[in-house]
Amino acid sequence: MSNNSILVVGGGFAGITAALEAAEVGHEVYIIETKPYLGGRVAQLNKYFPKQCPPSCGLEIQFQRIKKNPNVKFYTMADLVSVSGGPGSYDVKIKQRPRYVNNKCTACGECEKASWTKFENEFEFGLVKRKAAYKTHPFMFPMQYVVDGDRIDSSELEAIKNACQYDAVEVDDAERSFDLQVGSIVWATGWKPYELEKLETLGGGKLANVVSNMQFERLAAANGPTEGAIVRPSDKQAPKRIAFVQCAGSRDENHLNYCSYICCMASLKHVRYLREQNPDAAIVIYYIDLRTPGRYDKFKAMTCDDPKLTLVKGKVAGIVEDAGKNPIVTVEDAVSGIKSDEMFDMVVLATGMQPSTAGQQIQIGAQVDEEGFVVGGDDKGFVAAGCAKQPLDVMKTAQSGTSAALKAIQTVVGR
């Protein structure tokens with residue numbers, strides 16, 4: 001007899017959508033998410049297509065649906081260890097890392113005030129640092145602080161505990177393992193930005209005022225490290241001349257040998273962010289092809305109808321910086337054939353989209369292509385969704401989550 005419950009691996013937009021669609025027709029659903037919060041990459045955006053909404057808009061609705069549905073159970077800071085069995089009867093082993101904070105947490109922030117050790121802020125892509133006791137973002141779900149208890153000494157951990165009047169800090173919290181029995185698995189592990197360090201000719205992540213598209217997204221976000229002010233990381237000055245470099249690592253046999261689908265649209269969106277703050281900024285987009293499929297062609301036309309935006313068809317060969325930390329871009333115009341060096345205040349690299357599990361061994365034997373995208377498994381009760389399957393925008397990610405839920409349900413009811 002088939003187990004009617006469903007496991008969703010990944011708590012981003014695709015995973016949440018798949019989980020809710022299945023739960024709302026009566027299936028018990030478990031979500032496991034490796035980060036301390038649900039919402040995935042969408043939570044890190046300033047705005048997203050097609051309506052240019054802030055992420056809190058779409059995610060808050062989903063979070064309310066999770067809260068109201070007893071069929072959904074979720075585990076953050078949790079990772080899949082192994083899977084045995086088959087469609088209709090899987091035994092899944094999960095490992096959950098310690099949060100050092102329990103459900104009594106009110107997110108008052110006193111623990112953060114008592115903490116003193118700082119680490120790179122992963123949510124802000126390293127643009128700033130955070131304390132050992134932290135909340136990733138204002139609409140974090142679940143709304144609970146996290147403490148890096150295994151990275152600080154006992155005196156700091158004790159100070160954090162003593163600062164909490166709600167007895168929410170557990171200094172003895174430890175990793176735990178548990179098993180789940182499910183009938184089907186939705187693999188919605190999402191994506192990660194291609195690493196700047198691998199793009200050596202474009203600065204290798206070492207140039208002060210060369211940032212990735214996701215770092216730029218955080219600079220524009222009101223809850224980001226600069227409270228929404230788009231400024232140069234080196235001196236916090238508003239850039240007057242800025243370049244966007246498309247296909248930074250994408251469509252390149254030495255890096256990502258495919259188009260990441262969203263990068264062109266993201267850069268056009270970023271042009272609008274910049275224009276809202278600085279009407280006089282001179283902006284250049286260096287591109288191979290500007291791809292804005294379907295309804296986004298109108299967005300492209302409206303954005304490009306900007307007298308201070310220049311489009312240059314050409315591949316950027318290199319980026320260095322001068323003594324003032326101004327990026328200097330070497331590019332050959334594919335139309336005129338002229339090669340030139342252009343100085344900017346800031347450069348944004350449209351880095352590509354990689355599967356989050358790229359380079360890792362997926363534990364359940366699913367078929368993946370050479371880039372790490374899942375290309376099989378539907379016949380085994382294993383269904384891929386969202387950007388674990390292919391590069392997608394938020395709207396298509398949600399559609400993929402709904403489709404995955406249907407396939408997962410068909411697996412457990414058809415046996």
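Around Asp289, under 10 Å between beta carbons, what's the net of Lys plus Arg minus Asp minus Glu among the other residues?
Numbers: positive: Arg251, Arg291, Lys313; negative: none.
Neighbour charge sum, excluding Asp289 itself: +3.
Mind checking the angle between helix 55-68 and the chain's longest principal axis? C-alpha axes, 0 to 90 degrees, to the nearest 10.
The helix 55-68 is inclined about 0 degrees to the chain.
Given only helices, namely DSSP H runs of n ≥ 4 each adding -39500 (n - 2.57), what is the per-residue ellipticity at 222 nm of the chain, to the nearest 500 deg cm²/dmol?
On the way: 8 runs with 92 residues, N = 415.
Helix contribution divided over all residues of the chain: -7000 deg cm²/dmol.
Whole-Å semi-axes of the range 307-415's equivalent ellipsoid, largest first, each the root of 5 times a Cα gyration tensor eigenvalue? Show your work: numbers first, answer last.
Working: eigenvalues 390, 50, 32 Å².
Semi-axes, largest first: 44, 16, 13 Å.
For the range 52-133, state which GluC sites (Glu not before Pro) are in a DSSP loop and have at most 16 other beta carbons lying within 10 Å of their beta carbon.
On the way: sites: Glu60, Glu110, Glu112, Glu120, Glu122, Glu124; in loops: Glu122, Glu124.
Filter output for the range 52-133: Glu122.
Let me know the charge dipole size of the range 110-163 about its Cα centre in debye, to the nearest 20, where only the beta-carbon of Lys, Arg (+1) and Asp, Glu (-1) is charged. Don't skip to the answer; put the middle values down first.
Working: 8 positive and 10 negative charges, 34 e Å.
The calculation lands at about 160 debye.
If the convex hull of the alpha-carbon atoms of the range 149-229 is projected onto planes in all directions, what is the mean projected area in square nanometres?
Numbers: hull surface 42.7 nm².
Computing the convex hull of the Cα atoms and averaging its projections yields 10.7 nm².
Would you mind checking the range 261-304 for residues with the amide N under 16 Å from a putative spin-label position 7 Å along Cα→C-beta of Lys47?
Counting backbone N atoms under 16 Å from the label point, the list is 265-279, 296-304.
Take Cys57, Cys387 and order them by how many other Cβ atoms sit within 10 Å, fewest up front.
So the residues, fewest neighbours to most, are Cys57, Cys387.
Angle, helix 13-23 long axis vs. longest principal axis of the chain, Cα atoms, 0 to 90°, nearest 10?
30 degrees
Can you give the three extents of the C-alpha atoms in the chain along their principal axes, from longest to shortest, in whole Å?
The Cα atoms of the chain stretch 68, 53, 34 Å along the principal axes, largest first.
Output the 0 to 90 degree angle, nearest 10, between the alpha-carbon long axis of helix 263-277 and the longest principal axis computed from the alpha carbons of the chain.
Value to nearest ten degrees: 70.
Over the alpha-carbon set of the range 195-352, work out the extent along each principal axis and list the three values in angstrom, largest first.
In descending order, the Cα extents are 38, 35, 28 Å.
Between the range 122-165 and the range 372-408, how many Å separate their Cα centres?
33 Å
Classify the range 110-163 as rounded, prolate or oblate from the Cα gyration tensor: take a ≥ b ≥ c as the square roots of its eigenvalues, call it rounded if a/c is under 1.5, otherwise prolate when a/b beats b/c and oblate if not. Write out the running numbers ahead of the final one.
Working: a/c = 2.23, a/b = 1.36, b/c = 1.64.
It comes out oblate by the Cα gyration axes.
Can you give me the Cα centroid spacing of the range 309-328 and the range 183-236 in angstrom?
With the range 309-328 and the range 183-236 each reduced to a Cα centre, they are spaced 18 Å.
Pop a pseudo-label 7 angstrom from the Cα along the beta-carbon direction at both Asp91 and Lys198 and give the gap in nm to one decimal.
Simple spin-label model gives 3.7 nm for this pair.
Once you've got the Cα coordinates, tell me which of Lys95/Lys269; Lys198/Lys315; Lys129/Lys298; Lys95/Lys161 are over 28 Å apart.
Details: Lys95/Lys269 38 Å; Lys198/Lys315 17 Å; Lys129/Lys298 39 Å; Lys95/Lys161 25 Å.
In this structure, Lys95/Lys269; Lys129/Lys298 lie more than 28 Å apart at Cα.
Identify the GluC sites (Glu not before Pro) of the range 245-331 meeting these criteria: DSSP loop state and at most 16 other C-beta atoms within 10 Å of the C-beta.
Values: sites: Glu253, Glu276, Glu321; in loops: Glu253.
Sparse-neighbourhood loop GluC sites (Glu not before Pro): Glu253.
Tell me the net charge near Val320. Cut-off is 14 Å between Cβ atoms, Val320 excluded, with +1 for each Lys or Arg and -1 for each Asp or Glu.
Values: positive: Lys206, Lys325; negative: Glu200, Glu321, Asp322, Asp341, Glu342.
Every neighbour counted, the sum reads -3.
Using Cα pairs under 8 angstrom and six or more residues apart, how large is the relative contact order of the chain, in percent?
For the chain, the relative contact order is 20 percent.
Given the options Gly318, Gly337, Gly294, which has the most mean-square fluctuation in a GNM of the chain, springs set between C-alpha atoms less than 10 angstrom apart?
The residue that fluctuates most here is Gly294.
Here, each number is a calculation from the coordinates, and none is a lab measurement. Because the structure is predicted, anything quoted here is derived from the model rather than measured. Heads up, the Cβs are rebuilt from the backbone with ideal geometry, glycines too, and the neighbour counts pull from every protein chain shown.
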